[in-house]
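Here's the structure we're looking at; comments come further down.
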Amino acid sequence: MSCRRSPHASSMRVVALMLALGLSTNALADNPTDGPNDMFGAGVQRMPAWLGSKDHRNQAIPYIQAELPWHITLSTLDGLTVDLIHGDKWRGGIYGNYMWGRDHDELGSQLGGVIDSLSPRINAGGYLEYQATLQLNIGGNLSHDTQGAGAYLNLYADYDLPAIGYLNHSLQLQWQGMNGPAMRRFFGVSPEQAAKLDIAPWSPGAGSQQVSLEYDAFMPTSLHTGFAFALNYTRLLGQAAGSPLVRSYGTPNQLTTTLAFVYRL
């Protein structure tokens, strides 16, 4: 599962305005904006093997984008939101997310068994978003691990690009920061681990962790079906980029691509 604005650069998202598909041909005579808005499907995501890795892995992902009663949105791409503020310009409320971890195989032969494997985690908090124009949304979310001490701050801006035929697409710019426990969980190296790997120990503190630029696109194939695509480039920053794990075994430049086939109910 890949969730919106998660610490992993894997986030693919399809904004609500992508559902305004201006289709008017005879083959697609029904207006999709009058059709179903809940989307379900499956896809494949090619992501860094671990946050900061230079190697990649392919991950099968489900795709859910559903509007539920009581202003609840459930999405495997954007996480869970419960709107407590739902005005014309402002939206905000409760936010939940899912983060990928890393296992022995993903760490590889050099790091596996030395660097800690990390189980997936859920974090929860709140978000606030402002629709500055019809095309531009800006906002942020602050969340904390439900089982752990990590905390994450994300600031973002989404811009819907002009449609090209049936293709609807957008750009997202995001900055993320972490507190000390989260930074050390992903990028820390204990003295014992450092000695085994012949690298310097690393105990980072709170600060900037990454900045990312993402391109999202949705191409309908019928009133009920379509393909969603995303390309995400992330640059690790500060103490994350300076980690010996990244400098010796990875790269601060992270690339994630996602393709999913979706069905609208």
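The values are calculated or read from the model by the stated rules, or taken from the named source; none is laboratory data. Just so we're clear, the structure is a prediction, and the values are computed from it rather than from any experiment. Note that each Cβ is placed from the backbone with ideal geometry, even for glycine, and that neighbours are counted across all protein chains shown. Remember, those area values only see protein heavy atoms, side chains included, never the ligands or the DNA or RNA. Shrake-Rupley method; radii C 1.70, N 1.55, O 1.52, S 1.80 Å.
Quick notes on this one:
- In this structure the amide hydrogen of Ser117, modeled in the peptide plane, comes within under 5 Å of no amide hydrogen from residues 5 or more places off or on another chain.
- Carbon/sulfur fraction of accessible area - the chain, other protein chains in place, 1.4 Å, %: 62
- Basic side chains Lys and Arg get +1 at the Cβ, acidic Asp and Glu get -1 at the Cβ, and with that the dipole of the chain about its Cα centre reaches some 580 debye.
- Here the calculated FRET efficiency for Leu167 and Ser109, from their Cβ-Cβ distance with R0 = 41 Å, stands at 0.45, rounded to the nearest 0.05.
- Whether the stretch 40-80 is rounded, prolate or oblate, judged on the alpha carbon gyration tensor where a/c under 1.5 counts as rounded: oblate
- Here the Karplus curve 6.51 cos²θ - 1.76 cosθ + 1.60, taken at θ = phi - 60°, turns the phi angles of the stretch 89-106 into couplings of 10, 9, 9, x, x, 8, 10, x, 8, 10, 10, 5, x, 7, 10, 4, 5, 5 Hz, with x standing for Gly and Pro.
- Working note: Karplus 6.51/-1.76/1.60 with θ = phi - 60° gives the stretch 248-265 the couplings 9, 10, x, 7, x, 9, 10, 10, 10, 10, 9, 9, 9, 9, 10, 10, 9, 9 Hz, where Gly and Pro are set to x.
- Here's the picture: charge each Lys and Arg Cβ at +1 and each Asp and Glu Cβ at -1 in the stretch 138-265, and of Tyr215, Asn154, Ala240 the one pushed furthest to the positive end of that dipole is Ala240.
- The HN-Hα couplings worked out from phi for the stretch 47-63 by the Karplus form 6.51 cos²θ - 1.76 cosθ + 1.60 (θ = phi - 60°) are 10, x, 4, 8, 5, x, 6, 8, 9, 10, 9, 9, 10, 6, 10, x, 9 Hz, whole numbers, x standing for Gly and Pro.
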